[in-house]
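What follows is one structure encoded as structure tokens, with my remarks underneath.
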Amino acid sequence: IAMRTIVFSLTFFLISVSIAGSINDCEDPNFHSLETPESSKLECGPAFKNRCRCFRTCYDGHHQYVVNCTGSGFQDTSPLAHLPNETQVLIFTGNELEELPWNVFGTLDSLPYLRVIDMSNNKIREIRGKAYHHVQHVERLILDFNELSLDPARNHPRVFSNFISLLELHLTDAFEDGPPRNLASTLHDIFVNSNLTQLIKLHLEQNEISEFRDVNVFCDLPNLLDLHLGDNDLNALHFNLSCLHNLRFLDLRRNKFTRILERDLHIMDNLAKHDRNVTVDFSVNPFECSCKLNPFIKWIKKTKVFIRNKANLQCYKGNVSYDFHETKNCAPKLLVSTRRGTTVVLCFLSMVLIALVCALVYLQRTMLQKKIEPVLDSVSKRVRYTSIANGDTREDV
């Protein structure tokens, strides 16, 4: 009897799981929503002023309860304090918010199912430090195409600290235009102070990033899998990758790479050690067809790193593009290094020689003074005599 009970329980469990899976599956032919555009607006409640839709729909491959306020004309976040309890996905885009105040989602912990927040394209300039409360279950935050301030006075480095379950952070073109150093500083403060230890995907495309203040800027994201840095101004790997032990994809498309430094090649090779699958994308960078590109071309042929779209890589001579190829008749690297070394040695010896001459003059200053003073006196007397003679000549005239 006990065995029959166990078998029956397992069968019932598997059937329940199957039914639950089919309910969330967008391809389920038995799913039919009874919602209409009018009823879905009423579903949201009076706080949303009939501008949004609250309904169960297909999102990200599953049927989920979505609150959609796209282009709804809101200038503040007050409706969000009244989200339906069953909300799983919030789409609040295309509005004019400028600032997110404290407790955007109210003071009560009433959103146990909320997993996705999309607040892109809202012209947000400032997010207060306590804006996001009650978001401990959120796994994806999208803040693309906003105007987040780089002003230190409006910077709240712990702004994402309550997202303890966050897996994806989207910050594509999320910041105002400003000096690269200011952006680097802002990103550094956010990652260091927000405790995003569960994050696996980070999108930072289209932010005009050319450098990072701290080379370890991403080291506070230990579980990061995918790092998207496309459409920026990077010309080298100005950041530490060795601390990202789980990294599987690095997006460097459409940056400013003209060549790849050998130091960076070694860094990427180290990522692929221990049979790790690592993919890097260098597509659409302005590589220069020159001897400096040869190490990268040779590296591509032997590395364990998977180079996405490597067959389409191009280099440029002027405005003309060519397929990747090794440049011939290059000066041996040893000769180049020797020339550089010789230049450095000559500069050093010149400085030493100047220092020795100065020291010698200082030590022999007394003797030199005795020898130089008579000469200076003689020159001075001649100048005086010449001046007197010229004066007499003018008087005769």
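The values are calculated or read from the model by the stated rules, or taken from the named source; none is laboratory data. Just so it is clear, the model here is predicted, and its values are computed rather than measured. Note that we place each Cβ from the backbone using ideal geometry, even for glycine, and neighbour counts take in every protein chain shown.
Taking segment 277-320 as the range and being free of Cβ contacts under 8 Å to residues at least 40 places away in the same chain, assigned to a strand (DSSP E or B) and of a type outside the set (Val, Ile, Thr) as the test, the residues that pass are PHE287, GLU288, PHE306, ARG308, GLN314, CYS315, TYR316, LYS317. Taken together, the criteria exclude LEU224 from residues that are crowded, with 16+ Cβ neighbours inside 10 Å, modelled with pLDDT under 95 and not β-branched (Val, Ile, Thr). Here PHE145 meets each of (1) closer than 21 Å to THR197 by Cα; (2) in contact with an Asp or Glu (Cβ under 9 Å, 6 or more places away or on another chain); (3) modelled with pLDDT of 95 or more with one exception, condition (1). For first residues located in segment 93-115 and assigned to a loop (DSSP other than H, G, I, E, B), partners that are of a type in the set (Asp, Glu) and surrounded by 20 or more Cβ atoms within 10 Å (Cβ to Cβ) and lie 6+ apart or on another chain with Cβ distances below 7 Å form the pairs THR93/ASP118. Residues in segment 142-174 that are assigned to a loop (DSSP other than H, G, I, E, B) and of a type in the set (A, V, I, L, M): LEU143, LEU150, VAL159, ILE164, LEU166, LEU167, LEU171, ALA174.
Just need a number here: residues in segment 61-72 that are at positive phi and modelled with pLDDT under 95. Steps first, please.
Filtering segment 61-72 down to residues at positive phi leaves 61, 71.
With the extra rule that they be modelled with pLDDT under 95, the set shrinks to 61.
Number of matching residues: 1.
Each residue in segment 245-282 was checked for being surrounded by 17 or more Cβ atoms within 10 Å (Cβ to Cβ) and out of contact with any Leu (no Cβ under 9 Å at 6 or more places or on another chain), and 2 of them qualify.
Residues in segment 176-197 that are under 14 Å from ILE164 (Cα atoms), surrounded by 15 or more Cβ atoms within 10 Å (Cβ to Cβ) and not hydrophobic (A, V, I, L, M, F, W, C): ASN193, SER194, ASN195. Per the listing ARG263, ARG254, the residue uniquely at positive phi and of a type in the set (Lys, Arg) is ARG254. Please find, within segment 1-35, the residue that is modelled with the highest pLDDT out of those that are under 30 Å from SER78 (Cα atoms) and in contact with a strand residue (DSSP E or B) (Cβ under 9 Å, 6 or more places away or on another chain). So the residue we want is GLU35. A Cβ distance below 8 Å, combined with a sequence gap of six or more or placement on separate chains, defines the contacts here; from segment 71-86, residues that are within 20 Å of LEU114 (Cα to Cα) reach residues that are among the β-branched types (Val, Ile, Thr) and buried (at least 20 other Cβ atoms within 10 Å of the Cβ) in the pairs THR77/VAL104; LEU80/VAL104; ALA81/VAL104; LEU83/VAL67; PRO84/VAL67.
You will find that of SER210, SER242, the residue that is loosely packed, with under 15 Cβ neighbours inside 10 Å, of a type in the set (S, T, N, Q), assigned to a loop (DSSP other than H, G, I, E, B) and touching a residue at least 12 places away in the same chain (Cβ under 8 Å) is SER242 and no other. Looking at the structure I just gave you, is ILE142 surrounded by 18 or more Cβ atoms within 10 Å (Cβ to Cβ), farther than 17 Å from CYS54 by Cβ and in contact (Cβ under 8 Å) with a residue 24 or more places away in the chain? When the stated conditions are applied, ILE142 passes them.
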